[in-house]
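Enquirer: Structure in structure tokens, see below.
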Amino acid sequence: MTIKTVYKRPKLLKERLFHYCPGCGHSVIHKLLCEVIDEMNLKERIVCIPPPGCSVFAYNYLDIDMAESAHGRGAAVATGIKRVSPETIVFTYQGDGDLSAIGTAETIHAANREEKITAIFVNNAVYGMTGGQMAPTTMIGQKTTTSPYGREVNKEGYPLKMSEILSVVEGTVYIERTAVNSPKNIKKTKKAISKAFQVQIDNLGFSMVEILSPCPTNWKMSPIESWHWVDKEMVKEFPLGVIKDRIKVKKC
Amino acid sequence: MNKYLISGNSVIAEAAIRAGCQCYFGYPITPQNELTEYMALHLSRKEGCTFIQAESEISAINMVYGASIAGARAMTSSSSPGISLKQEGISYLAACELPAVIVNMMRGGPGLGSISASQSDYFQATRGGGHGDYRTIVLSPASGQELADLTQRAFDLADNYRTPVIILGDGMLGQMMEPVEFHKEAPENLSTKSWALKGAKDRPSKIIKTFTSNPNELEEINWRLFRKYRLIEREEVDYETYMVEDAELIVIAYGIAARIAKGAIKKARAHNLKVGMLRPITLWPFPFKKIQEISKRVQYFFVFEMNMGQMIEDVQLALEGNGEISFYGRPGGVIPTPSEVFRILSRQYYQKGLNR
Ligand SMILES: Cc1ncc(C[n+]2csc(CCOP(=O)(O)OP(=O)(O)O)c2C)c(N)n1
Ligand code: SF4
């Protein structure tokens, strides 16, 4: 009898228990990153900038070089590294509070300078680490600890769509929005991450993958319910798919 | 050796380039724009170097942080309000033990204040400035030549101790033109930095971080930092003394204020008043011991600052009640003249009966 390996722990995922809640998207995204970095053979030339946020301990799991950023400043830190060492592949890992609230300016301007960096943007519609407060990405009507009556547009505005905003910035080359709430979407996310890294390897410009990621704990749902909520609710505001692809134009 | 006649801000920039500064990140603010502009002109096209006009001071300091992570000699400059915005980043640099040079050409405050020269940020610079228990080395130049020399020293100190170094100048030093020589040429190849992150090649992966959920681990980090700070306090104190040997009254002033005080002391000496000066060149570490030593012989001290009295607290700490201190300060960007300082000084001198 031959035994075929159908699944194994990615080589770059450290043997350590995740601190993430059951059903949390961060752990899936970490796993995908490990797989992609390994498959693209990037370990020896990649640096990750993790944020304050639930993923602040990403360095406990990914066996690659990492340097922690201040809240929201990932794109500026990545800029500094990349300019000194253009051969290094530099990516930020950022939550939606990190990238689309406190770090909006850094992100937009790094993109506009056409920095050759990649943002892995984890959108879970809340501030996870600090206990489930409202984020710029919180859905209209969604209850959080700081929008206890549900987000109201006349007071708290609309869910901010960073991928769409960045798509009109000239320096962005590839932007895709994916999700990690089903095997099919997880596969697509993995592909999108490889594509975004390839854009950087080819020195084309700024790339970003926005990943809709369940936060069952702060959404007060079971993991299964949270996966369905991504499909039923989140994608209405944040449609999945390639939002910008200028790879061909940049290559010629 | 060639002498250059360029503005103080440009002197810092040129000295930085000669010290091997590879990256400069800045945001416009008066009175230090010539520094940023000099870098745009001379660093941006240099092989292997980077100049970015950042979108904010916050971004600029975080780009410095990134460049330092990658192992480069990196610098940013600003003036008071912009330096406030950089404090979070400086705290991270200190915590991660990364070298960086930060220039503050101080202006009058608080708030938007004025664009005129001031020394209002002494507390901020010498007490860490940002959140958390840390210190930065603070260098206080008082002439064009010292802008050059201390800038070059700043890069070496930052690398040697792996710590952010502040050059605390002011709007007047930045605008002044004095003939300057650059004593050191850029090192050929700055030794590769052991901490630099470029990917885990031929070694295990590395992490640069400060966050930990374990207070004991963080306590250990704080201890490590403070052992380093003790060493800096032992090794790096620097000051200038001027006519202290026979002095009955010692002026303590730094930076541009010391320059003004020197003029006042010359006048005092012309009137046979025995006045001398101690000028701290490092504001942190502060020359506590030197002041104590002087106080064994001298009873009267005159602190002069272009603020409401900030360094005076360090002088008080140094004297531990031995000796009398009087203070003269002009805040808000007002620049006193040597004659004015001489007037105040001589009044003190006569009131204390030092002429008898
Ligand atoms: C300057 C600063 N302000 C606030 C915080 C507190 N803080 C830590 S993480 C975070 C936001 C986390 O939310 P998000 O970026 O969406 O990431 P998630 O935890 O949901 O993955 C905040 C506000 C901080 N660390 N620094
Ligand atoms: S709080 Fe939310 S984002 Fe944070 S680990 Fe738990 S599920 Fe994940």
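Enquirer: Would you mind finding the one in B:Asn2, B:Asn33 that is touching a residue at least 24 places away in the same chain (Cβ under 8 Å) and more than 30 Å from A:Ile102 (Cβ to Cβ)? Explain how you work it out, then say what you get.
Expert: Numbers: B:Asn33 fails: more than 30 Å from A:Ile102 (Cβ to Cβ).
After applying the criteria, what remains is B:Asn2.
Enquirer: Further question on the same structure: Out of A:Leu12, A:Leu17, A:Leu42, A:Leu32, report the one residue that is closer than 26 Å to A:Ser222 by Cα and surrounded by 16 or more Cβ atoms within 10 Å (Cβ to Cβ). Steps first, answer last, please.
Expert: Details: A:Leu12 fails: closer than 26 Å to A:Ser222 by Cα; A:Leu17 fails: surrounded by 16 or more Cβ atoms within 10 Å (Cβ to Cβ); A:Leu42 fails: closer than 26 Å to A:Ser222 by Cα.
It is A:Leu32.
Enquirer: Right, something else. When the residues of segment A:196-244 are narrowed to those that are charged (D, E, K, R) and surrounded by fewer than 16 Cβ atoms within 10 Å (Cβ to Cβ), which ends up farthest from A:Val28 (Cα to Cα)?
Expert: Ranking the qualifying residues of segment A:196-244, first place goes to A:Asp202.
Enquirer: Residues that are within 16 Å of ligand 1 (Cβ to nearest atom) and on the phi > 0 side of the Ramachandran plot: does segment A:11-23 have at least one?
Expert: yes
Enquirer: In the set A:Glu68, A:Glu106, which member is more than 11 Å from ligand 1 (Cβ to nearest atom), crowded, with 24+ Cβ neighbours inside 10 Å and of a type in the set (Asp, Glu)?
Expert: So the residue among A:Glu68, A:Glu106 that is more than 11 Å from ligand 1 (Cβ to nearest atom), crowded, with 24+ Cβ neighbours inside 10 Å and of a type in the set (Asp, Glu) is A:Glu106.
Enquirer: Moving on. Is it the case that some residue within segment B:274-281 is over 17 Å from B:Gln119 (Cβ atoms), open to solvent by less than 20 Å² (accessible area, probe 1.4 Å), in a strand (DSSP E or B) and among the aliphatic types (A, V, I, L, M)?
Expert: Checked against the condition, which is being over 17 Å from B:Gln119 (Cβ atoms), open to solvent by less than 20 Å² (accessible area, probe 1.4 Å), in a strand (DSSP E or B) and among the aliphatic types (A, V, I, L, M), segment B:274-281 yields at least one hit.
Enquirer: While we're on this one: Restricting attention to segment B:297-317, does a residue exist that is more than 23 Å from B:Leu173 (Cβ to Cβ) and among the small types (Gly, Ala, Ser)?
Expert: No - not one qualifying residue is present in segment B:297-317.
Enquirer: Can you find even one residue in segment A:173-180 that is among the charged types (D, E, K, R), under 18 Å from the mean Cα position of the chain (by Cα) and closer than 21 Å to A:Ala75 by Cβ?
Expert: yes
Enquirer: Do we have any residue at all in segment A:173-182 that's open to solvent by less than 10 Å² (accessible area, probe 1.4 Å), assigned to a loop (DSSP other than H, G, I, E, B) and not aromatic (Phe, Trp, Tyr)?
Expert: yes
Enquirer: For segment B:14-101, give me every one of the strands (runs of 3 or more DSSP E) that falls completely inside it and has 3 or more residues that are at pLDDT below 95, within 12 Å of chain A (Cβ to nearest Cβ) and surrounded by 24 or more Cβ atoms within 10 Å (Cβ to Cβ).
Expert: Filter on segment B:14-101 gives an empty set.
Enquirer: Among the residues of segment B:295-326, which ones are touching a helix residue (DSSP H, G or I) at 6+ places or on another chain (Cβ under 9 Å) and open to solvent by 10 Å² or more (accessible area, probe 1.4 Å)?
Expert: Answer for segment B:295-326, where residues must be touching a helix residue (DSSP H, G or I) at 6+ places or on another chain (Cβ under 9 Å) and open to solvent by 10 Å² or more (accessible area, probe 1.4 Å): B:Ser295, B:Tyr300, B:Gln310, B:Glu313, B:Leu317, B:Glu320, B:Asn322, B:Gly323, B:Ile325, B:Ser326.
Enquirer: Listed residues A:Lys191, A:Lys161, A:Lys220; which is at pLDDT 95 or above and more than 16 Å from ligand 1 (Cβ to nearest atom)?
Expert: It is A:Lys191.
The values are calculated or read from the model by the stated rules, or taken from the named source; none is laboratory data. Values in this document were obtained by computation on a predicted structure and should not be read as measured data. All Cβ positions, glycine included, derive from the backbone under ideal geometry; neighbour counts span all protein chains shown. Surface accessibility is based on the protein's heavy atoms, side chains included, excluding ligands, DNA and RNA. Shrake-Rupley method; radii C 1.70, N 1.55, O 1.52, S 1.80 Å.
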